[in-house]
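The values are calculated or read from the model by the stated rules, or taken from the named source; none is laboratory data. Remember, predicted model here, so these are calculated numbers, not experimental data. Reconstructed Cβ throughout: ideal geometry from the backbone, glycine too, with neighbour counts over all protein chains shown. Just so you know, the surface numbers come from the protein's heavy atoms only, side chains and all, with ligands and any DNA or RNA stripped out. Shrake-Rupley method; radii C 1.70, N 1.55, O 1.52, S 1.80 Å.
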Amino acid sequence: MYSSLTRFAQVAGFAAAAMAALLLIDAQALAQRRGLGGGGGAGVYKSRIVPNWYDEGQRFWYRNDLTGGTREFVLVDAKAGRREVAFDHARLAEALKKAGVEDARADWLPIDRLEFQTADGAVLLRAGGKDWRCNLATYELTEVKDRPAAADAAPSGLRAGGPRASSRTGEETELTFVNRTAGEVELFWLNTAGQRQSYGKLPVGERKAQHTFAGHVWEIVAADGKSLGVVEAEDSASTIEIDGRQVEGTLRVPLRRGGARSGPFRGTDGTRSVPTTSPDGKWTVSIKEFNVVLRSNADEKETQLTSDGREGLAYGNLQWSPDSQTLLAFRIERAEEKPVYRVESSPRGAGRAILHTQPYALPGDKFTRYELKLFDVASQKPIECNVEPIDFGTPRLRWASDGETFTYLKVDRGHQRLRLIEVNACTGASRNLIDEQTTTFIWTAHTEGLNLRPIQWLEKTGEILYVSERDGWRHMYLVDAKEGAIKNQITSGQFVVRGIDRIDEDQRQIWFQASGRNTGQDPYFIHYYRVNFDGTGLVALTAGNGTHTVQYSPSREFLIDTYTRIDQPAIHELRRTSDGELVCQLEAAEVAELKSTGWEAPEVFTAKGRDGQTDIWGIICRPRDFDPAKTYPVIEQIYAGPQGSFVPKSFSSQRRFSSLTDLGFVVVQIDGMGTANRSKAFHDVCWKNLKDAGLPDRILWHKAVAAKYPWYDTSRVGIYGGSAGGQNATGAVLFHPEFYKVAVSGCGCHDNRMDKASWNEQWMGYPVGPQYAESSNIDNAWRLKGKLMLIVGELDSNVPTESTFRLADALIKAGKDFDLVVVPGAGHGMGGPYGERRKNDFFVRHLLGKEAPDRNAEERRPGR
């Protein structure tokens, strides 16, 4: 898009250097629809700003789409701190009409493309199917002819063939993104629902090593909102060269394996492998009959370096030192891949049912074990190296710049010890550069919601940026790799580092996100900061009472700060990055039209948790025709997975939980203890105790609401959730039946021994012990009181379906009554529209005391 519009400017007689910002207007509308912060939607205006910077990043313009289909163009001089109308809309409309653009109006200029010129105060624009130059002093229009057709009409997003969501969570791996484009790009992880989660921006020419999992999908987006493509992570580490070109919707991905800084070389079956050549070209190494064989390329003489490899304990993952003097190998004791099964009862086209199998490690299962071996190439002898085998995750080695040492991260199974281990490739000597231990857990798995990794190397100095909760809050530390010791703590205090956006090694500064530092604000609100490596010079880049997103100017001298709350639409400010001070106000979103429809914002409510001191935050959504003189049953939507916090914080024009509030329920959502993004102590409540789910805090929160509002009926409280939330919802009526009376549980992991090892061992510990039975809904099924509905999709590939079926079996054996809804063809979730309808009917019947509509009374054929 940029190159085609550059040609437009050149044809118009202007050098590319005089160009400012160019935008396809349709692209701006698309970017706004995609949700670039601000919480827009029907009846909401000025919710987002898409800036178009020019004049070396000192000015920008944007367009506001307003009520009634009108629009305005705004120009901002960032250096002067001035916001004004971009031009005289009425005079430009009149000039366009005289030129034959009949539909031009002052409140709706039909401009498709726009470019400001700083040299002579003119604009280039496209309207009425023609290109024009407008002198803003006289508003004289001159047609620009013979312009080449634009190559890109609008950002096209992903082409057919590109994955749009993460399909699985496989082995830990790493993607290294290298930005070869002409502008900054942003990296997004696409979750299983295809929703974007930003993992920061990547400046021109820079690279970022991103921890991920095989099967996870990443999208790269240019500064103008255009998708540059997606890539799905593989088992082995890969390098992604971002050059803007796509192949059938996916990035062209040259994978660099082998050599000094790449991912490991792997054999396929332990008996043979594709040979790999040493960096100096003198040697070739391969795996034959499970052992390492070295061949001289000079005389083709082969030497078998090992003899203890065998089936099930074969060598692999070969790597060369950069100087070709040392060969690394791992003796690998492969874990047996045990499957889970799914029966597709109703496949398309009918016929027999289909059995699906899926490798799936459960807590306590044997993991693949890697034993490091070193070999001196000159003597063709082993080098003694006494390091512990790796029994969790796959080895990811990083070579030091001197080529003599390498490091790797070792997380002990059970997540109670994390070490960064350095090994001297010549001598085999090893030491721990970082060694953190805890009595609970170190959060290292399922960190998808965090825009940070525990270890980030600073390439220019050999230092390490280390993120840890060792002092009770998630903070950053600077580690001296030479000394193997912490130099200094970079951030400190009762707040949580939530993401690292940029590490500037030249200025020795970190640009990061954090929450909880602003007294008097919701502790989950995201704010942006910059700090020096030595912990001095902390600058708050945002200030307003809300959760923030920012857009930086090309030079990073300014930022556009957009902040919202669930009960406040977007406010946009221009701020300086040098000191975080306000330059000027830009916009405040308008929602009068939305409110005229009867929309009301949820209420934010806080109450003290079980310790009597900690604030527990949640929201309350009232029925549409709310009458405070009545009393209302309450439904809690729960998800207490420890890998995040889940109460929404941003404004939305959607009526949250409307399918239930329209039926006459008050619906609430709460983050109790045991979830993330507060203190370590707050988080640790989940340790070996997932049955807790913050339910004691939630019950106190409900009672505090009832104490304030007489219409809040705590004698009729229901609860529902899916996945971990399904476990939580069932646990509510098992462990707290005196409070929760009705539960609907979708796709629940009802016994943590039957769900994925990586997630459950992180929170429940290893080895598997009595704590698993204590938290098991299945083992505690006999406790059921109240009403329970279980929903499961027969093709759930996330949580094995037998988790629900075994709970049903335990309930039957305990003589309990419950409802079971099995949805053929459905995957992980609440059973789709049918399951949602059954859930709502269940609550109507048991909380409102009404009979749900009889859907069987109407005869209706499928598809009609």
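Taking Lys487, is it open to solvent by 20 Å² or more (accessible area, probe 1.4 Å), over 23 Å from Ser679 (Cβ atoms), of a type outside the set (A, V, I, L, M, F, W, C) and outside any strand (DSSP E or B)? Criteria not met by Lys487.
Is it the case, given these coordinates, that Ala681 is part of a helix (DSSP H, G or I) and aliphatic (A, V, I, L, M)? It is true that Ala681 is part of a helix (DSSP H, G or I) and aliphatic (A, V, I, L, M). When the stretch 329-346 is filtered for residues that are acidic (Asp, Glu) and at pLDDT 95 or above, the ones remaining, listed by number, are Glu333, Glu344. Among the residues making up the stretch 490-511, those that are part of a strand (DSSP E or B) and touching a residue at least 40 places away in the same chain (Cβ under 8 Å) are Val496, Val497, Arg498, Gly499, Ile500, Asp501, Arg502, Ile503, Ile510. Mind checking which residues of the stretch 657-677 are more than 13 Å from Gly609 (Cα to Cα), assigned to a loop (DSSP other than H, G, I, E, B) and either open to solvent by 10 Å² or more (accessible area, probe 1.4 Å) or free of Cβ contacts under 8 Å to residues at least 60 places away in the same chain (or both)? Those that are more than 13 Å from Gly609 (Cα to Cα), assigned to a loop (DSSP other than H, G, I, E, B) and either open to solvent by 10 Å² or more (accessible area, probe 1.4 Å) or free of Cβ contacts under 8 Å to residues at least 60 places away in the same chain (or both): Phe657, Asp662, Leu663, Gly664, Asn677. The single residue among Arg126, Arg83 that is in contact with a Phe, Trp or Tyr (Cβ under 8 Å, 6 or more places away or on another chain), basic (Lys, Arg), open to solvent by 10 Å² or more (accessible area, probe 1.4 Å) and under 21 Å from Asn52 (Cβ atoms) turns out to be Arg126.
Give the residue that is modelled with the highest pLDDT, with candidates limited to residues of the stretch 545-600 that are open to solvent by 70 Å² or more (accessible area, probe 1.4 Å) and among the hydroxyl-bearing types (Ser, Thr, Tyr). Taking the candidates together, the pick is Ser578.
Among the residues of the stretch 347-366, is any under 26 Å from Asp412 (Cα atoms), open to solvent by less than 30 Å² (accessible area, probe 1.4 Å), modelled with pLDDT of 95 or more and not in a loop (DSSP other than H, G, I, E, B)? Looking for residues that are under 26 Å from Asp412 (Cα atoms), open to solvent by less than 30 Å² (accessible area, probe 1.4 Å), modelled with pLDDT of 95 or more and not in a loop (DSSP other than H, G, I, E, B), one finds none in the stretch 347-366, hence no.
Filtering Glu115, Glu94 for residues that are among the acidic types (Asp, Glu), in a strand (DSSP E or B) and either touching a residue at least 12 places away in the same chain (Cβ under 8 Å) or open to solvent by less than 10 Å² (accessible area, probe 1.4 Å) (or both) leaves a single hit, Glu115. From the list Ala729, Ala773, Ala693, the one residue that fits, being closer than 25 Å to Arg413 by Cα, part of a helix (DSSP H, G or I) and under 32 Å from the mean Cα position of the chain (by Cα), is Ala773. Picking from residues in the stretch 301-346 that are outside any strand (DSSP E or B) and among the hydroxyl-bearing types (Ser, Thr, Tyr), the one that is farthest from Asp796 (Cα to Cα) is Ser324. With the condition kept exactly as written, say whether any residue in the stretch 845-854 is open to solvent by 70 Å² or more (accessible area, probe 1.4 Å), without any contact (Cβ under 8 Å) to a residue 24 or more places away in the chain and farther than 25 Å from Val717 by Cβ. Yes, the stretch 845-854 contains at least one residue that is open to solvent by 70 Å² or more (accessible area, probe 1.4 Å), without any contact (Cβ under 8 Å) to a residue 24 or more places away in the chain and farther than 25 Å from Val717 by Cβ. Filter the stretch 538-553 down to residues that are assigned to a strand (DSSP E or B) and polar (S, T, N, Q) and give me whichever is farthest from the chain's Cα centre (by Cα). Checking each candidate, the answer is Gln551.
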